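In what follows, a structure is listed as structure tokens, so that the remarks can point back to it.
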Amino acid sequence: MAKILIVEDEQDFYEPIRAFLTRDHHVVEVVENGLEALDRLRFYKYDVIIMDWMLPGMQGVDVCREFRSSGGTTPILMLTAKTATGEKISGLDAGADDYLTKPFDVGEVSARVRALLRRPAALTGNVLKLGQIVLERDTHRVTKTGEEIQLLPKEFALLEFFMRHPNQVFSAEALLDRVWASDSEASPETIRTYIKRLRQKIDSKDGPSLIQTVHGVGYKFSVELD
Ligand code: CA
């Protein structure tokens, strides 16, 4: 059982999600206004937040940013009607952990919620720690065993995406779709180049790469989770 807050003003969207998650034995609360959501988050604790982008009172992305800057670490799934990857990235920059584009399947929402609930606390919020790598989103700083690693913005974005989805395999096309803008000129070859550069920067000379190639499928950030 988890306690879940849905922040969404359109009943047609939140009602099926609420019904589905309630049947899954979760406690579900709904607020329809961004400011009200922020207020609620100040006083109550939830296990997952499902947040719409377009909200009365305050936009979902701003609620997200405020909540994170006040130290909130609850995983956030953003719902967005926006399909441009640039906007997805600004959602992730604001502190969302995952996003789903409308219209969505309720089963998919539920699957994403389950994935967020399984995620250890170290993988949410603004500081990600996995193995020896620490990624601080606010300062755009990455360190390995305390030593700073200089990354280009796109290398940083790619590493952050991998760290948020450890041990999951993504094809080059999926990485393009999730990390690059939809209007970018990048190709799967671009991804291969970035992964090569990222490996050179984050891997130890001896030992296997943190970003493993799964032949014929794609790549995964391989790490033991405690
Ligand atoms: Ca809305």
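FYI, it's all coordinate maths here, none of it is from the lab. Just so we're clear, the structure is a prediction, and the values are computed from it rather than from any experiment. So basically every Cβ, Gly included, is an ideal-geometry build from the backbone, and we count neighbours across all protein chains shown.
When Lys and Arg each count +1 and Asp and Glu each count -1, what net charge do the other residues less than 13 Å away from ARG137, Cβ to Cβ, add up to? Don't skip to the end; give the middle numbers.
Working: positive: ARG65, ARG68, LYS129, ARG141, ARG164; negative: ASP93, ASP97, GLU136, ASP138, GLU160.
After counting each charged neighbour, the total is 0.
As a test, work out the antiparallel percent of DSSP beta bridges whose residues both lie in the range 3-123, rounded to the nearest 5. Don't skip to the answer; put the middle values down first.
Values: 0 of 17 bridges.
For the range 3-123, the DSSP antiparallel bridge percentage is about 0.
At R0 = 30 Å, how high is the FRET efficiency between GLU148 and ARG114 if r is their beta carbon distance? Nearest 0.05 is fine.
Rounded to the nearest 0.05, the efficiency is 0.25.
Return one number: the angle in degrees, 0 to 90 and rounded to the nearest 10, between the long axis of the Cα atoms of helix 60-69 and the longest principal axis of the Cα atoms of the chain.
Rounded to the nearest ten degrees, it is 70.
Considering Cα pairs under 8 angstrom that are at least six residues apart, work out the relative contact order of the range 127-221 and quote it in whole percent. Intermediate results must be reported in sequence, preceding the final value.
Values: 100 pairs, mean separation 24.8, N = 95.
Answer for the range 127-221 is 26 percent.
Rounded to the nearest 0.05, what FRET efficiency do THR73 and GLU189 give with R0 = 45 Å and r taken as the Cβ-Cβ distance? Could you check? Write down the numbers at each step before the final one.
Numbers: r = 37 Å, r/R0 = 0.82.
The value I calculate is 0.75.
Enter the angle in degrees (range 0 to 90, nearest 10) between the Cα long axis of helix 11-23 and the first principal axis of the Cα atoms of the chain, meaning the one along which they spread out most.
80
For the pair ARG141 and ASP203, how long in nm is the line joining their label points, each one 7 Å along Cα→Cβ?
For the pair ARG141/ASP203, the computed spacing is 2.7 nm.
List every residue whose amide H lies under 5 Å from the amide H of HIS165, counting only residues 5 or more places away in sequence or on a different chain, with H placed 1.01 Å from N in the peptide plane.
It is none; the list stays empty.
If I model a spin label as a point 7 Å beyond the Cα along the Cα-Cβ vector, how far apart are those points for VAL214 and GLN132 in nm?
2.5
Dividing the alpha-carbon radius of gyration of the chain by 2.2 N^0.38 Å (N being the number of residues), what value is obtained? Display every interim value, and only then the final one.
Numbers: Rg = 17.8 Å, N = 226, 2.2 N^0.38 = 17.3 Å.
Normalised Rg, Cα atoms only: 1.03.
Suppose R0 equals 22 Å. What FRET efficiency, 1/(1 + (r/R0)^6) with r the Cβ-Cβ distance, do GLN11 and GLN168 give to the nearest 0.05?
On the way: r = 33 Å, r/R0 = 1.50.
Efficiency, rounded to the nearest 0.05: 0.10.
Among the DSSP beta bridges whose two residues both lie in the chain, what percent are antiparallel, rounded to the nearest 5?
Values: 16 of 33 bridges.
Of all bridge pairs located within the chain, approximately 50 percent are antiparallel.
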